[in-house]
Structure formats: structure tokens, C-alpha cells
Amino acid sequence: MARREVEYLERLARGETVQEIARACHYEESGARSIGERLRKKLGAKTNTHAVVLAIQLRIVSGPSIPLRP
């Protein structure tokens, strides 16, 4: 998986929108959407959320840290 694809998944896992990812990575929004489409196809995912879940299960990205309540 390409570095930019992993970065895209990491940002999605942190809750960033496609528009935020495009701005942060200096992509056109259409380019960011293309990366998402390619990723979903590679992973066999129907949605971005599904792609993130699969990427975490496959250990491509780590899940977001959730602080435990005291």
C-alpha cells in the first residue's frame, strides 16, 4: 500500500473529513476522493468507515487511542 494511502487511512481513523485530508495533504478534493475510491477497492470496502475498520483489522493502521475513564 502506498504511503499516501496509509496516511489517508490514518487521517480517516482520526476522524478527518475528505475535505480536511485534501487541505492537509495539499491535494485537490477530487484527488483525495480518488485515493479513497482506490483504497476501498483494494480493501473490498463499501465505505470509508468500512475501509478504516478493515485497515485496523489488517494492522495497516493502528486504531485511535481512546483514553480510559478514571
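Some observations on this one:
- Taken over region 11-29, residues that are in a helix (DSSP H, G or I) and open to solvent by 80 Å² or more (accessible area, probe 1.4 Å) amount to 1.
- Residues within region 50-70 that are modelled with pLDDT under 65 and open to solvent by less than 100 Å² (accessible area, probe 1.4 Å), tallied: 1
- Close pairs from region 48-65: first assigned to a helix (DSSP H, G or I) and among the β-branched types (Val, Ile, Thr), partner open to solvent by 70 Å² or more (accessible area, probe 1.4 Å) and modelled with pLDDT under 95, Cβ under 8 Å, at least 6 apart: Ile56/Ser62
- Listed by first and then second residue, the pairs with beta-carbon distance under 7 Å, at least 6 apart or on different chains, first residue in region 1-24 and under 13 Å from Leu39 (Cα atoms), second open to solvent by 70 Å² or more (accessible area, probe 1.4 Å) and in a loop (DSSP other than H, G, I, E, B), form an empty list.
The values are calculated or read from the model by the stated rules, or taken from the named source; none is laboratory data. Quantities reported herein were computed from a predicted structural model and do not represent experimental measurements. Neighbour counts run over all protein chains shown; Cβ positions are idealised from the backbone, glycine included. Heads up: the accessible areas ignore ligands, DNA and RNA and are worked out on the full protein's heavy atoms, side chains in. Shrake-Rupley method; radii C 1.70, N 1.55, O 1.52, S 1.80 Å.
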